[in-house]
Amino acid sequence: MRLVVTGGAGFIGSNFVRWVLRTQPDVAVTTFDALTYAGNLASLADVADDPRHTFVQGDVRDAAAVARAVDGADAVVHFAAESHVDRSIDAPDAFLSTNVTGAGLVFEACRRAGVERVLHVSTDEVYGPITTGAFAEADRLQPSSPYAASKAGADLLAQAYTTTYDFPILVTRTTNNFGAYQHPEKLIPRFVTNLLNGEDLPVYGDGAQIRDWTAVDDNVRAHWLVLTEGEPGTVYNIGAGNERTSLDIAHAIVAALDADPDRITHVTDRPGHDRRYAVDTARIRALGWRPERTFDDALADTIAWYRDNEAWWRPLRDVSG
Ligand code: NAD
């Protein structure tokens, strides 16, 4: 199989590329990535010399570059996106162009090239908040942030490709991921690297916002399963069911690093901050997926990885705070 992975130099994409090369000997991978502030070739250093891996620097907003990249591919997984909610509130432009237009250009290039399996990677944030229970795939989309709205726009485009062109695109909607190689602007790496740096942990508002935390290794396996065995044109929610508040996460990290709980501080909440996300995962479970990592084990491994890989995260913090 010739597989193209957009956004493969980012957090989930690089974990996915590494896993595919390690476990799928018959797959050749092309990583297509613009290397924005969030993309990092250091995240792919251990596969840089793999003869089955090719890196192409390119932007999903460049139709010609995307068309060249997907030409001859059997499958495409579209991870590339602007992914940080706070940045989407400060400057939505890149979220619109990359997450909506860029996704549309990837779908169109795949359709023209006749790519057999196309998987668009979305998020549980497209459903908006839910107080009790969990959203199923057919539920309405009601995104709150510019980030979530831009991802929802691409989900609807994917749906339109199925209906209009009979070109069925797979879609995943995943809960918050955590693990190695996640940019230190995101909650868990931010808290861990702040403590390693001797800084406080800034918790938004009362810290009672609930997210379902999925270990990136489990998410990567889920994506491979959907890509290879999912029903084309179908949406799959992915989530491990580890509901934790931001404050729970802060306390767990403080305890793991044997730090002072007074390091936890409360800062002004994010505008429009959703209180709880939750997704029903019956469909992906029916396909045979189960999370293999417990939250506690995966968090301990993640903390250990950041402790051992300061050379990876230090330059990213120095640049983007
Ligand atoms: P990330 O920010 O770590 O990586 C994004 C990657 O996309 C980077 O390598 C970046 O260089 C690349 N990119 C950005 N704009 C591009 C462009 N215009 N052209 C080409 N490449 C571009 O993101 P992530 O956390 O790995 O998320 C990957 C995907 O999963 C995204 O689509 C995101 O919406 C989705 N998602 C992430 C999470 C999570 O918890 N991290 C949860 C649900 C869904």
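Taken together, the values in this text are just the output of simple stated rules run on the coordinates, not laboratory data. A quick note: this is a predicted structure, and the numbers were derived from the prediction, not measured. Neighbour counts are summed over all protein chains in view; Cβ atoms, including those assigned to glycine, are modelled from backbone coordinates with ideal geometry.
Data overview
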read-out: Hits in segment 148-194 (condition: out of contact with any Pro (no Cβ under 9 Å at 6 or more places or on another chain), in a helix (DSSP H, G or I) and more than 14 Å from the ligand (Cβ to nearest atom)); value: Leu156, Gln159, Ala160, Thr163, Thr164, Tyr165
read-out: Within segment 30-42, tally of residues that are within 8 Å of the ligand (Cβ to nearest atom) and either surrounded by 15 or more Cβ atoms within 10 Å (Cβ to Cβ) or among the basic types (Lys, Arg) (or both); value: 7
read-out: Filter result for the condition that a residue is part of a helix (DSSP H, G or I), out of contact with any His (no Cβ under 9 Å at 6 or more places or on another chain) and crowded, with 19+ Cβ neighbours inside 10 Å, over Val226, Val254; value: Val226
read-out: Number of the exception - Trp19 against (1) within 11 Å of the ligand (Cβ to nearest atom); (2) closer than 27 Å to Ala311 by Cβ; value: (1)
read-out: Conditions (1) crowded, with 23+ Cβ neighbours inside 10 Å; (2) assigned to a helix (DSSP H, G or I); (3) more than 10 Å from the ligand (Cβ to nearest atom); number of the one not met by Leu119; value: (2)
read-out: Scope segment 122-134; condition touching a Pro at 6+ places or on another chain (Cβ under 8 Å) and assigned to a loop (DSSP other than H, G, I, E, B); matching residues; value: Gly128
read-out: Residue match in segment 228-246 (condition: away from the ligand (no atom under 13 Å from the Cβ), within 25 Å of Ala9 (Cα to Cα) and of a type in the set (S, T, N, Q)); value: yes
read-out: Residues of segment 172-201 classified as among the hydrophobic types (A, V, I, L, M, F, W, C) and touching an Asp or Glu at 6+ places or on another chain (Cβ under 6 Å), total; value: 0
read-out: Condition check for Asp50: on the phi < 0 side of the Ramachandran plot and more than 21 Å from the chain's Cα centre (by Cα); value: yes
read-out: Some residue of segment 96-104 being within 10 Å of the ligand (Cβ to nearest atom) and surrounded by fewer than 18 Cβ atoms within 10 Å (Cβ to Cβ); value: yes
read-out: Candidate set from segment 1-45 (those that are in contact with a strand residue (DSSP E or B) (Cβ under 8 Å, 6 or more places away or on another chain) and among the aromatic types (Phe, Trp, Tyr)); member that is farthest from His78 (Cα to Cα); value: Phe11
read-out: Search result, residues across segment 295-320 that are outside any helix (DSSP H, G or I) and either touching an Asp or Glu at 6+ places or on another chain (Cβ under 6 Å) or within 24 Å of Thr132 (Cβ to Cβ) (or both); value: none
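Let's see how each residue does on (1) in contact with a helix residue (DSSP H, G or I) (Cβ under 8 Å, 6 or more places away or on another chain); (2) away from the ligand (no atom under 14 Å from the Cβ); (3) in contact (Cβ under 8 Å) with a residue 60 or more places away in the chain:
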{"position": "Asp50", "(1), (2), (3)": "yes, yes, no"}
{"position": "Gly58", "(1), (2), (3)": "yes, no, no"}
{"position": "Ala65", "(1), (2), (3)": "no, no, no"}
{"position": "Ala73", "(1), (2), (3)": "yes, yes, yes"}
{"position": "Ala80", "(1), (2), (3)": "yes, no, yes"}
